[in-house]
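Visitor: Have a look at this one before I ask anything.
The values are calculated or read from the model by the stated rules, or taken from the named source; none is laboratory data. What you see is a predicted model; the values in this text were computed from it and never measured. Methodologically, a virtual Cβ is constructed for each residue, glycine included, from the backbone with ideal geometry; neighbour enumeration extends over all protein chains shown.
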Amino acid sequence: MSLKYFVLSLVLLYGDSLSIRAEEDLDGPPVVTAAAWGIADAESKKLLWSHLPDEPRKAASTTKMMCAYVILEMADKTPDILDEWVSISKLAAGTAGSTAEVEEGEQVQVRDGLYGLLLPSGNDMGNAFAEHFHPRLPPPGEETPEGAKTPASGTRMNFVAEMNRTAQHLGMKSTRYHISYGDGGTAEDRTTTVRDLIALAHAAQKHPLFRQITATQTHTTRVRRADGGEREAVWENTNQLLKVGNYDGIKTGTTPTAGRCLVASGSHQGHKLLVVTLGSTSDEARFADSRNLFRWAWGQRK
């Protein structure tokens, strides 16, 4: 083929597509890997910018925010709750996934257990809390999915029901919890939305202890061993944004079906924002997605 005909072929093949290609939107939000995201004012919880904020999704360990919030709401009425000792059952100690590395027969004080729940994202602490508070809470009703009311969840279902009742109270219309620490349910079940997580983050951050815990990078405490002695536990926060000065929370979440998720809080020049990213493609992308959305939003609010 001659050069003339080769150039003509290229024009015919690509000419139309090049002519209709859109201009890059330099004023729009950054391109991110997250499947759904939202940026909200932290004081008013008003959603400022978003992509698919009402699409129900799995959100992994962001569920632990509600687990902690329910306990802190109970502690507002009965402050001594924070001083109670939680016994780690065989079921709790054997919980799969991310862990606070507590063992069967050990005991953790509620106040410290909240660090074990939220920093290393301890699924074991999520189950331990659900078992600990289950007997003092009402049984589930229509607010809780049927899959969370099975005999197998009999030692924890009242706590999960309280999480669902609390979600309703907060106006989280698309949220349904099956377990105390993650998504649970079937592959088709969806847990929450970007908009609902913003509502939860806004409510939870009203608790000083929640803000303190989720802003902590490392927490060291004493755990009572089954033999009556004690050992030291050190828990590291999975939220890498805390290593950057502008950010002070809140919670990561990771599973193969949910992708990498993050509910984050940050401030710049008096502008405090909440950013939720769900379904990012990697750990690095999750934090990059959130930082890029924060920085773009702060630029818009100057």
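Visitor: Among the residues of the range 85-123, what is the count of those that are in a loop (DSSP other than H, G, I, E, B) and at negative phi?
Guide: Selection size over the range 85-123: 15.
Visitor: Looking at G113 and the list (1) surrounded by fewer than 21 Cβ atoms within 10 Å (Cβ to Cβ); (2) touching a helix residue (DSSP H, G or I) at 6+ places or on another chain (Cβ under 7 Å); (3) not hydrophobic (A, V, I, L, M, F, W, C), which single condition is not satisfied?
Guide: The single condition G113 does not satisfy is (1).
Visitor: If a residue has to be touching a His at 6+ places or on another chain (Cβ under 9 Å), within 26 Å of A96 (Cβ to Cβ) and crowded, with 19+ Cβ neighbours inside 10 Å to count, how many in the range 184-205 make the cut?
Guide: 2
Visitor: Further question on the same structure: Any residue at all in the range 135-157 that's at pLDDT 95 or above, under 15 Å from A68 (Cβ atoms) and not basic (K, R)?
Guide: no
Visitor: Quick one: is R195 within 29 Å of K46 (Cβ to Cβ) and either within 13 Å of the chain's Cα centre (by Cα) or part of a helix (DSSP H, G or I) (or both)?
Guide: The answer is yes for R195.
Visitor: Take S153 and decide whether it is within 20 Å of the chain's Cα centre (by Cα) and closer than 25 Å to C261 by Cβ.
Guide: On the way: within 20 Å of the chain's Cα centre (by Cα): no; closer than 25 Å to C261 by Cβ: yes.
When the stated conditions are applied, S153 does not pass them.
Let's see how each residue does on (1) charged (D, E, K, R); (2) touching a residue at least 60 places away in the same chain (Cβ under 8 Å):
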site: P56; (1), (2): no, yes
site: S61; (1), (2): no, yes
site: M66; (1), (2): no, yes
site: I71; (1), (2): no, yes
site: K77; (1), (2): yes, no
site: A93; (1), (2): no, no
site: G97; (1), (2): no, yes
site: V108; (1), (2): no, yes
site: L118; (1), (2): no, yes
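Visitor: Additional query: Picking from T216, T238, T220, which residue would you name as being farther than 21 Å from M74 by Cα, hydroxyl-bearing (S, T, Y) and not in a loop (DSSP other than H, G, I, E, B)?
Guide: Details: T216 fails: not in a loop (DSSP other than H, G, I, E, B); T238 fails: not in a loop (DSSP other than H, G, I, E, B).
T220 is the lone residue from the list that is farther than 21 Å from M74 by Cα, hydroxyl-bearing (S, T, Y) and not in a loop (DSSP other than H, G, I, E, B).
Visitor: Is it fair to say T95 is of a type in the set (V, I, T), closer than 20 Å to C261 by Cβ and either crowded, with 22+ Cβ neighbours inside 10 Å or in contact with an Asp or Glu (Cβ under 6 Å, 6 or more places away or on another chain) (or both)?
Guide: On the way: of a type in the set (V, I, T): yes; closer than 20 Å to C261 by Cβ: yes; either crowded, with 22+ Cβ neighbours inside 10 Å or in contact with an Asp or Glu (Cβ under 6 Å, 6 or more places away or on another chain) (or both): yes.
In short, yes.
Visitor: When the residues of the range 120-139 are narrowed to those that are among the hydrophobic types (A, V, I, L, M, F, W, C) and surrounded by fewer than 24 Cβ atoms within 10 Å (Cβ to Cβ), which ends up nearest to K90 (Cα to Cα)?
Guide: Checked the range 120-139; the qualifying residue nearest to K90 (Cα to Cα) is F133.
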